[in-house]
Amino acid sequence: MPAMPAMYAVRPLHSAGLRAEHLPTCMYPLPNLHRAPAAAAPPQEEVDPSLQALESRQEEILKRLYELKSAVDGLSKMIQTPDADFDVTNIIQTDEFSPLTTNGADLDLMLGKDYGALKDVVINANPSLPPLSLLVIHSLLCERYKILSAVHTHSSVKSVPENLLKCFGEQTKKKPRHEYQLGFTLIWKDVPKPQMKFSIQTMCPIEGEGNIARFLFSLFGQKYNAVTSTLIDSWVDTALFQLKEGSSKERGAVLRSMNAALGKSSWLVGSELTVADVVAWCALQQTGAANTAPANVQKWMKSCENLAPFSSVMKLLK
């Protein structure tokens, strides 16, 4: 009868060095796990290549996660959240302001580099309620940059007053387009509120006079801390929604708040002109509340009107 073949081979668990004296007290010897290994280490088993690839991938992912964590930590250190116990007045006084008459900021850095094309800001506005603050900021920008200005009338508007058609002044002989730093086009159009587009391909329109004013004023490159920026935004919203569009009671409350703020500093926020001053001054002019304003507000308004961009806009109100 032929011998039965083996089902499968099993590797022996014990070494071949079993001696007779070990029996019957020991079936086979095993290495002592609690004793230091012998000088000659046993040969290591081969590692599966797929397991090695998995470990390498894990190490690479952990390395990338560590780099991302370091980048996020660096960004978080740039965000300064003021303590609630700080004195807001002291923070504003220690904030660094740079006068608007200094050298122009880098428009390529703020708006992006666009080779071979002039950066053009296009604003649609209704002539029945002209956005005076945008006209003031336009004049301020012309003092800083080389601006190519243009005014057009949309077909949705039947007629536009002559002074609004010439709101940018008499346009002198134009230089080649590539010599300008920024284009500023105003289109009188039948729209419910001002709209602005800077890049038609990559951005949605910015709506509202206050939001557009914030964007345009940011082109001066002013840097404020968190508290100052919040106060500026608050005054802009207050001027538009309460002073310009609010009831007489709301206007009175705003004027009292402005009078108190201007009793501590020459401008609404800090010691330099901000977009809050521009928007608030224009709102006062359009509501007719300038004549009944308190003493500090009257003094502040005269300071604004001593600046050429404000005085040029006053001619549009006559």
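The values are calculated or read from the model by the stated rules, or taken from the named source; none is laboratory data. Just so we're clear, the structure is a prediction, and the values are computed from it rather than from any experiment. Positions of Cβ are backbone-derived with ideal geometry, glycine not excepted, and every protein chain shown enters the neighbour counts. These accessible areas exclude ligands, DNA and RNA; they are computed on the full protein's heavy atoms, side chains included. Shrake-Rupley method; radii C 1.70, N 1.55, O 1.52, S 1.80 Å.
Quick notes
- Restricting the stretch 248-288 to residues that are modelled with pLDDT under 90 and small (Gly, Ala, Ser) leaves a set whose member that is nearest to the chain's Cα centre (by Cα) is Gly270.
- Within the stretch 246-271, the only residue that satisfies the criterion of being open to solvent by 40 Å² or more (accessible area, probe 1.4 Å), within 17 Å of Asp233 (Cα to Cα) and in a loop (DSSP other than H, G, I, E, B) is Ser271.
- Residue within the stretch 144-151 that is within 24 Å of Ser265 (Cβ to Cβ) and modelled with pLDDT of 65 or more present: yes
- Residue list for the stretch 308-318, filter: crowded, with 17+ Cβ neighbours inside 10 Å and aliphatic (A, V, I, L, M): Val313
- Residues in the stretch 137-154 that are assigned to a loop (DSSP other than H, G, I, E, B) and open to solvent by less than 60 Å² (accessible area, probe 1.4 Å): Tyr145 only.
- Residue in the stretch 200-208 that is acidic (Asp, Glu) and part of a strand (DSSP E or B) present: yes
- Criterion: touching a Ser or Thr at 6+ places or on another chain (Cβ under 8 Å), open to solvent by 30 Å² or more (accessible area, probe 1.4 Å) and of a type in the set (Val, Ile, Thr) - qualifying residue of Ile232, Ile206, Ile187: Ile187
- Residue check, Lys315 part of a loop (DSSP other than H, G, I, E, B) and in contact (Cβ under 8 Å) with a residue 40 or more places away in the chain: no
- Candidates Gln298, Gln286 - the one that is open to solvent by 40 Å² or more (accessible area, probe 1.4 Å) and in contact (Cβ under 8 Å) with a residue 60 or more places away in the chain: Gln286
- Of all residues in the stretch 155-164, those being under 23 Å from Leu317 (Cβ atoms) and exposed (fewer than 15 other Cβ atoms within 10 Å of the Cβ) number 5.
- The set of residues from the stretch 179-194 being of a type outside the set (Lys, Arg) and outside any strand (DSSP E or B) comprises Glu179, Tyr180, Gln181, Asp190, Val191, Pro192, Pro194.
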